[in-house]
Structure formats: C-alpha cells, structure tokens
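Just so it is clear, none of the values below were taken in a lab; they were calculated from the coordinates. If you're wondering where the values come from, they're calculated on a predicted model, not measured in any experiment. Cβ: placed from backbone, ideal geometry, glycine included. Neighbour counts: every protein chain shown.
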Amino acid sequence: MFQKLPLAIQEKFSERMVIFIKIPYHGTLENHALSGEWKMCRSINITGDIRAVYKERDRRVVQFIAIGSHSELYS
C-alpha cells in the first residue's frame with residue numbers, strides 16, 4: 001500500500017516519522033484517538049488531508065495499519 005502512494009506523500013510520511021519517533025504527541029502530528037470502526041487506533045496528520053492510522057501494541061511498539069485521505073479512511 002505505502003509503495004503505491006505518490007512519492008511526495010511517502011517523503012512527507014518519512015518526515016513525520018522522524019517527529020513521531022522523538023515526540024509522538026508533537027502538535028504538528030495532531031495525534032488523536034479514533035472511534036467507531038477505528039476504535040483502539042490513533043491517527044496522525046501527514047499532510048492537510050492525508051492521515052496515518054496506527055495501533056499501540058505496547059508502550060514502545062506501534063503498528064501503522066492504514067494511510068490515506070480523510071475521506072478514504074473515515075467515510
């Protein structure tokens with residue numbers, strides 16, 4: 001899935017991962033809990049409309065499970 005994204009989105013994701021690894025709740029990421037179908041997951045902002053969804057496996061391990069536009073993920 002990630003490899004099919006435009007290169008600009010892949011690069012932006014990589015930039016956000018640098019921030020996420022250092023400061024997971026940095027304001028730039030707009031990290032927040034999700035509900036409904038995505039209950040038990042969290043989301044971070046990659047660009048204005050692109051989000052990455054992840055699950056916390058434990059205190060130190062997360063698994064990114066989806067990336068896409070707000071409408072692709074939440075509609």
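In terms of packing, defined here as the mean over residues of other Cβ atoms within 10 angstrom, the peptides 31-37, 2-8 line up highest first as 31-37, 2-8. Using C-alpha pairs under 8 Å with a sequence gap of at least 6, the mean separation divided by the residue count of the chain gives a relative contact order of 18 percent.
Where only DSSP H runs of four or more residues are counted, the chain gives -8500 deg cm²/dmol as its mean residue ellipticity at 222 nm, each run worth -39500 (n - 2.57). Summing charges over all other residues whose Cβ lies under 14 Å from the Cβ of THR47, with Lys and Arg as +1 and Asp and Glu as -1, gives -2.
Once you have the alpha carbon radius of gyration of the chain, what is it after dividing by 2.2 N^0.38 Å, with N set to its residue count?
Computed over Cα atoms of the chain, the ratio equals 1.03.
Database remark: amide H of ILE46 closer than 5 angstrom to the amide H of ARG51, ALA52 (H placed geometrically; neighbours at sequence offset of 5 or more, or on other chains; Pro and chain starts carry no H). The separation of region 3-30 from region 58-75, counted between C-alpha centres, amounts to 12 Å. Straight-line cross-link partners of LYS39 among the lysines, defined as a Cα under 21 Å from its Cα and at least 8 positions apart when in the same chain: LYS55. Neighbour counts of other Cβ atoms within 10 Å put ILE19, ILE50 in the fewest-to-most order ILE19, ILE50.
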